[in-house]
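Below is one structure, written out as structure tokens; comments come after it.
The values are calculated or read from the model by the stated rules, or taken from the named source; none is laboratory data. A quick note: this is a predicted structure, and the numbers were derived from the prediction, not measured. Note that each Cβ is placed from the backbone with ideal geometry, even for glycine, and that neighbours are counted across all protein chains shown. Ligands, DNA and RNA are stripped out before the accessible areas are found, and what is left, the full protein with its side chains, is counted by its heavy atoms. Shrake-Rupley method; radii C 1.70, N 1.55, O 1.52, S 1.80 Å.
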Amino acid sequence: MLSYRKIAYCLFLGLVVPQVWAKVEMPAIFGDNMVLQRQKPINVWGKAAPLASVDVEFAGRKASAKADAKGRWSATLLPLEASSSAKDFVVRENGKSALRFSNVLVGEVWILGGQQNMSAPIADAFKNKAEASSGNPLARHIKLSGASALPSSAVKASNAWAALNAESAKWISTVGAAFGNELSAKLKVPVGLIDVSESESFMRAWIAESDFKSDKYLQRVLAEWKRDMENYDFKKAEANYAKVSKSEKHAPGAPSPETCWPDGKTPARLYNGRIAPIGPLFARGILWYQGESDASESESSQNFEGQFKVMTESWQKAMKDDSLFFLCVQLPSMDSKSDLSDIRWRQYLSAESLPYVSIVNSIDLGAASGPSAKDRLEIGQRLSSAALSKVYGWKAERGALFPRTSHVVYKDDCADVHFKLFGKKLNGRGTPRGFEVKSGAEWIPAKAELRGNIVVLRAAVPGKKIDGVRYLWKNSAAADAWLFNEDGLPAFPFANLK
């Protein structure tokens with residue numbers, strides 16, 4: 001029979017031990033096969049037993065931390081150079097092994113943001129599994145999910161870190177895979193891609209609520225949303241939702257009772273669930289491919305530049321990196337009820353006005369139904385070339401050298417459009433097309449003649465005075481793309497008024 005003292009001691013152990021040896025937890029962004037950013041401090045964090053000692057070790061680097069009263073801890077490892085030699089990442093609690101992540105590499109980390117054209121999987125780009133699984137084994141991918149009403153400290157992963165293979169090809173971004181494979185092959189270092197993209201998402205969903213105050217349009221959007229929340233009848237919405245068929249409940253924008261605005265439209269909701277939780281993690285830059293949703297609302301479209309500036313600054317603050325670079329995709333050719341020409345121009349102006357942003361042109365890609373899987377592969381490759389040029393300083397890369405208008409000289413019935421060519425020749429493919437001139441209140445087709453880096457325009461109707469010019473100013477414009485440089489890169493669409 002146990003003595004009173006022994007019973008008391010056993011009870012003591014039963015109460016104390018589970019607290020001291022509580023399982024260490026870390027966000028889903030950490031795991032087997034992950035890639036850590038080279039040449040920058042490696043921040044790691046998680047939860048352990050309250051007041052526990054936590055030790056982190058990786059590739060010869062060590063760091064220690066003390067958990068607070070709620071078990072929260074964070075530590076920072078000194079920077080490492082790139083390495084394709086797989087190593088284990090070890091976490092110990094109070095001296096005992098608690099977590100071990102295997103096959104961890106060090107290289108370049110990029111975050112993939114935006115909507116459906118970013119999230120479209122690479123499996124769609126190939127006819128069979130063997131083709132889909134071909135890629136650089138040093139390029140790793142993870143897909144994050146989740147949304148939150150408040151900034152979250154936890155992050156969900158719908159798919160863990162993985163290299164490209166037949167199975168992962170079902171969820172890995174086509175644009176991201178093409179970018180990562182080429183970047184890794186050329187830099188000869190591992191590349192980690194963190195995909196946070198979400199279909200049908202507006203830019204407002206990707207901005208921290210605390211940053212809405214810096215833009216008048218965003219202030220109004222936030223105020224309207226809060227008013228809607230105050231007037232929202234949850235019980236009524238729940239009753240209506242109960243009447244909806246099973247198939248309708250799974251459709252995009254279904255009237256879920258949890259919110260009267262979808263995640264992709266609700267201010268800050270995607271930021272809170274996917275950006276705030278990974279803020280301490282260092283990355284080299286962002287690939288951003290978004291704009292269709294904002295183009296569908298005239299006010300949001302008209303305020304695109306302001307929103308974009310706030311969003312980029314919001315992410316830079318979250319990640320404590322003012323030099324965090326954004327590589328953006330100008331929307332490709334496609335049919336739409338929205339004015340994509342206007343949003344493309346605003347995307348271009350945003351990129352030109354911010355020192356940490358560059359944009360790639362895709363106006364020659366896509367069709368009435370939008371970009372194909374092959375088009376997305378080309379977009380990923382253009383982004384890789386742009387990264388090598390703008391971020392890594394490779395002067396020979398073509399990616400950032402798309403022809404763009406310099407200025408327009410008007411001469412009554414003709415206009416000379418001058419282009420910036422970055423040392424490359426300008427070529428016209430086939431019959432001159434795609435240009436229009438404004439005469440009075442009317443836009444009419446123009447006759448175009450290429451003279452070096454100048455395109456001379458005249459109205460198709462002789463004698464018309466020209467008050468403005470534009471190029472590829474339509475939603476589905478790929479078939480009219482005529483101007484390219486000698487590397488095969490298309491000239492940006494534009495509009496200019498006298």
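Numbers for the structure displayed
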| item | result |
| --- | --- |
| Near pairs, Cβ below 7 angstrom, 6+ apart or cross-chain, from region 220-246 (under 12 Å from residue 261 (Cβ atoms) and among the aliphatic types (A, V, I, L, M)) to any residue that is modelled with pLDDT of 85 or more and in a helix (DSSP H, G or I) | 221/204; 222/209; 222/212 |
| Any chance residue 461 is farther than 24 Å from residue 339 by Cα, of a type outside the set (S, T, N, Q) and crowded, with 20+ Cβ neighbours inside 10 Å | no |
| Yes/no for residue 441 being more than 30 Å from residue 186 (Cβ to Cβ) and either more than 24 Å from the chain's Cα centre (by Cα) or open to solvent by less than 10 Å² (accessible area, probe 1.4 Å) (or both) | yes |
| Residues satisfying the stated conditions in region 452-498, i.e. over 17 Å from residue 441 (Cβ atoms) and among the basic types (Lys, Arg) | 458, 474 |
| Residue among 160, 205, 154 that alone is over 21 Å from residue 314 (Cα atoms) and either open to solvent by 30 Å² or more (accessible area, probe 1.4 Å) or in a helix (DSSP H, G or I) (or both) | 160 |
| Looking only at region 135-151, and only at residues there that are surrounded by 17 or more Cβ atoms within 10 Å (Cβ to Cβ) and over 18 Å from the mean Cα position of the chain (by Cα), the one that is modelled with the lowest pLDDT | 135 |
| Enumerated strands (runs of 3 or more DSSP E) restricted to region 11-90, each holding at least 2 residues that are modelled with pLDDT under 95 and open to solvent by 70 Å² or more (accessible area, probe 1.4 Å) | none |
| Segments classed as strands (runs of 3 or more DSSP E), wholly inside region 258-367, with at least 1 members that are open to solvent by 10 Å² or more (accessible area, probe 1.4 Å) and over 30 Å from residue 236 (Cα atoms) | 325-329, 357-360 |
| Matching residues, region 157-170, being at pLDDT 95 or above and either β-branched (Val, Ile, Thr) or in contact with a helix residue (DSSP H, G or I) (Cβ under 9 Å, 6 or more places away or on another chain) (or both) | 159, 162 |
| Hits in region 441-484 - residues which are touching a Pro at 6+ places or on another chain (Cβ under 9 Å), of a type in the set (S, T, N, Q) and modelled with pLDDT of 95 or more | none |
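Per-residue answers, yes or no, for (1) more than 24 Å from residue 179 (Cβ to Cβ); (2) in contact (Cβ under 8 Å) with a residue 40 or more places away in the chain:
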| residue | (1), (2) |
| --- | --- |
| 273 | no, yes |
| 278 | no, yes |
| 283 | no, yes |
| 289 | no, yes |
| 294 | no, yes |
| 299 | yes, yes |
| 310 | yes, yes |
| 319 | no, yes |
| 323 | no, no |
